Each structure stands twice: as C-alpha cells, then as structure tokens.
1. How much length would be gained if the chain were fully extended between residue 4 and residue 18, taking 0.36 nm per residue of separation minus their Cα-Cα distance, in nm to one decimal?
2. Report the label-to-label distance for residue 46 and residue 95 in nanometres (one decimal), using points 7 Å from each Cα along the Cα→Cβ vector.
3. Step through the residues of region 48-58 one at a time and calculate ³J(HN,Hα) from phi using the Karplus curve (6.51 cos²θ - 1.76 cosθ + 1.60, θ = phi - 60°), rounding each to whole Hz and writing x for Gly and Pro.
4. What angle do you read, to the nearest 10 degrees and between 0 and 90, between the alpha-carbon axis of helix 17-26 and the longest principal axis of the chain?
5. Measure of size requested: the Rg and Dmax of region 1-62, with Cα atoms as the atom set and Å as the unit; please supply both.
6. Quickly rank 90-99, 29-38 as a protection proxy: mean count of other C-beta atoms within 10 Å, highest first.
7. Which peptide among 54-61, 5-12, 65-72 comes first, and what is the full order, when sorted by highest mean count of other Cβ atoms within 10 Å?
8. Per DSSP helix of 4 or more residues, -39500 (n - 2.57); summed, then divided by the residues of the chain. What does that give at 222 nm, rounded to the nearest 500?
Amino acid sequence: MSTEANQDRIFKALSAGVRRAMLDALRDAPQTTGALCERFGSLDRCTVMQHLKVLEGADLIIVQRKGRERWNHLNPLPIKQVHDRWIGPHAARAVDVLERLKTDLEGAG
C-alpha cells in the first residue's frame, strides 16, 4: 500500500477526539481493552472496539494477545513519520529564523 494511503489512514484515525484520547491513554503504558472500556465508560464495548480497530488499521496501535486479554500498545512510528513530513521542516525553519534574530540582536549591541 502506498505511503499516501497509509498517511490518509493515520489522519483519519487522528481526526476523532476519542481516538486521540485513547492514544493519550496508551502513551505511558499499554492497556487491556477492558481497561480502555472502563476508562471510556460513556462508550459501549463495541464502540471502543471499533475505535481500536481504526487505530490498529492505521498502525497507531499494536495489539498483543495474552491468554484472554488483548493488550493495546502505542506505536509512535506513524506519528513520527507525520512529524517528519509535516512538522519537522517547518520547525527547522523557525529555529533558523530565531538563530538569525539572535545573531542580528547580538551584532546590534
């Protein structure tokens, strides 16, 4: 599958606030699906599972089965790829501008 199609799935997955909240919940440690269902108690289990399926399809989570439990792990690599393509170049230019400003201000003094 193409890189563009992968990034489309990532952006689609990140477009829903509840899915971003789920990724936030997985940032510090993996959690079972049951724990995520408890954390997002306003959603029924089926809805939580649908959101997790979208995240898994975008490769934003990695699922590991241990016995009867389904552990969900954050996969930060797709987010890094988005950063590298969309944010990194802009941030580098901003740092260059700040560096020139600093140099100009130091030279004026």
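Values in this text are rule-based calculations from the coordinates and carry no lab data. All values reported here derive from a predicted model rather than from experimental measurement. As a convention, Cβ positions derive from the backbone with ideal geometry for all residues, glycine included, and neighbour counts pool all protein chains shown.
1. Fully extending the segment from residue 4 to residue 18 adds 2.7 nm.
2. 4.9
3. 4, 4, 5, 5, 5, 5, 5, 5, 5, x, 8
4. Roughly 90 degrees between the two axes.
5. 11.7, 36
6. 29-38, 90-99
7. My ranking of the peptides, most packed first, is 54-61, 5-12, 65-72.
8. Calculated mean residue ellipticity at 222 nm is -19500 deg cm²/dmol.
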